[in-house]
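Step one of this worksheet: look at the structure below.
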Amino acid sequence: MSVSSLLYQIFEYNGSALVAMVGKNCFAIASDRRLGVQLQTIATDFQRIFKIHDKLFLGLSGLGSDAQTLHQRLVFRHKLYQLREERDMKPETFASLVSAMLYEKRFGPYFCQPVIAGLGEDDKPFICTMDSIGAKELAKDFVVAGTASESLYGACESMFKPDMDHEELFETISQALISSVDRDCLSGWGGHVYIVTPNEVTERILKGRMD
Amino acid sequence: MECVFGMVGKGFALVVADSSAVNSILVHKSNEDKIMVLDSHKLMGASGEAGDRAQFTEYVQKNVALYQYRNGIPLTTKAAANFMRGELATALRKNPYMVNIVLAGYDKETGPSLYFIDYIATLHKVDKAAFGYGSYFALSMMDRHYHPNMTVDEAVKLADQCIEEIRSRLVVAPQNFVIKIVDEDGAREHLWRRTTKD
């Protein structure tokens, strides 16, 4: 076993699946619900998507412990920003903040891959993902992360259409998530979907194969 | 070969741990207490590296007490769990504590709660938790027989079933187990399950 493949196993320790999609004046972000320790499932209600503010959501895949640490640090930074600037952070700014924080730990990184989704100026949907050292990847359609990412890429590429309304977007992202995690033993046990429009946030739990 | 497991019932939480202190093939003692009583209403069952376990549980216990002296009110179970996670996470990249924790507590406002804390500082609030080789048997047993709002008798019966399974199916099963309970009256030792006297 090479060193790099041994190190990579840390990303697969807890198991995760994350996907975000852009629709017409809305976005959706979805995750699986499994918390595992390698082959053993510990919980089926683990939270991977966090609200930063009403129009900004952060999903963190990879090692659960680092996801919790990073989430706490980012909430701290955003609250400070709110106190100083007297407004919420724009998604583009937040993405740059996450990227900078990850690169700070370049030679001892957080073992997480974030997915950031938000509504920017004029409520234009914004999604991006980055690797564990902060290399940003902006996309106009969808972004994926986690142990099921390869299946997710395939499912999203085939199911995605531009300018879907929030109902159709919910159906599409749910189908893409469920079909992908069903092929991955380390993620699944249901799904958690957030649909965000300029006026409201809808949170739904998906029932999938519980295995 | 250490096992710790726990579950939440109606108005109480239970933590069960084995009581063997082992070094390679030698059993030093079979009445080692691995469930620390943190304060009046919290139990911290810990398994893992023996030195780290003793050090970390005592460190947490003293800090929980210090908070109460400084602020006049005790920490909630959730706050104590997050404090532990923070300490484990900070130490993780310097000098990690190889300790897995099941934290059970009772708060007047929120009732009983149980927290799973991994040695890499993964924190999750759960209804049932288990660590060690015994977890393969205990978790499966609890998945089958656990239901919310069990009485103390039902929970002890389930704990006994888990212990029975561990004793019969684990090749180097621990000899003795201790069961501790926390409810609105406080945290205390409840029962022992022995096969050897120490």
Notebook entry, point to check: Of the residues A:ARG73, A:ARG87, which is within 12 Å of another protein chain (Cβ to nearest Cβ), over 22 Å from B:VAL126 (Cβ atoms) and either modelled with pLDDT under 95 or surrounded by fewer than 20 Cβ atoms within 10 Å (Cβ to Cβ) (or both)?
Noted result: A:ARG73
Next item on the list: Scan segment B:77-130 residue by residue and report those that are more than 10 Å from chain A (Cβ to nearest Cβ) and of a type in the set (Phe, Trp, Tyr).
Entry: B:PHE83, B:TYR97, B:TYR106, B:TYR115
Notebook entry, point to check: Does segment B:28-45 hold any residues that are farther than 15 Å from B:LYS62 by Cβ, in a strand (DSSP E or B) and modelled with pLDDT of 95 or more, and which are they?
Noted result: B:ILE35, B:LEU43, B:GLY45
Margin query: Here's a check for you: in segment A:137-154, which residue that is in contact (Cβ under 8 Å) with a residue 40 or more places away in the chain and outside any strand (DSSP E or B) is surrounded by the fewest Cβ atoms within 10 Å (Cβ to Cβ)?
Written below: A:LYS140
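For (1) within 30 Å of A:GLY64 (Cα to Cα); (2) crowded, with 20+ Cβ neighbours inside 10 Å; (3) under 13 Å from the mean Cα position of the chain (by Cα), each residue gets a yes or a no:
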{"position": "B:ILE120", "(1), (2), (3)": "yes, yes, no"}
{"position": "B:ALA129", "(1), (2), (3)": "yes, yes, yes"}
{"position": "B:SER135", "(1), (2), (3)": "yes, yes, yes"}
{"position": "B:PRO148", "(1), (2), (3)": "yes, no, no"}
{"position": "B:LEU158", "(1), (2), (3)": "yes, yes, no"}
{"position": "B:GLN161", "(1), (2), (3)": "no, no, no"}
{"position": "B:LEU170", "(1), (2), (3)": "yes, no, no"}
{"position": "B:PRO174", "(1), (2), (3)": "no, yes, no"}
Next item on the list: Mind listing whichever residues of segment A:26-47 are assigned to a loop (DSSP other than H, G, I, E, B) and either within 11 Å of another protein chain (Cβ to nearest Cβ) or modelled with pLDDT under 95 (or both)?
Entry: A:GLN38, A:LEU39, A:THR44, A:ASP45, A:PHE46, A:GLN47
Next item on the list: Among the residues of segment A:1-22, count how many are within 17 Å of A:TYR110 (Cβ to Cβ) and surrounded by fewer than 23 Cβ atoms within 10 Å (Cβ to Cβ).
Entry: 7
Note to self: Being of a type outside the set (Asp, Glu), farther than 22 Å from B:TYR59 by Cα and within 12 Å of chain A (Cβ to nearest Cβ): is that true of B:ALA138 here?
What the structure shows: yes
Item checked: From A:GLY118, A:GLY134, residue being part of a loop (DSSP other than H, G, I, E, B) and either within 15 Å of the chain's Cα centre (by Cα) or under 12 Å from A:VAL98 (Cβ atoms) (or both) -> A:GLY134
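For (1) of a type outside the set (Val, Ile, Thr); (2) buried (at least 23 other Cβ atoms within 10 Å of the Cβ), each residue gets a yes or a no:
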residue	(1), (2)
B:VAL4	no, yes
B:VAL22	no, no
B:LYS42	yes, yes
B:LYS94	yes, no
Note to self: Looking only at segment A:168-194, count every residue that is assigned to a helix (DSSP H, G or I) and closer than 14 Å to A:ALA30 by Cα and tell me the total.
What the structure shows: 13
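The values are calculated or read from the model by the stated rules, or taken from the named source; none is laboratory data. Only a predicted model underlies this, so the values are computations on that prediction, with no experimental measurement involved. So basically every Cβ, Gly included, is an ideal-geometry build from the backbone, and we count neighbours across all protein chains shown.
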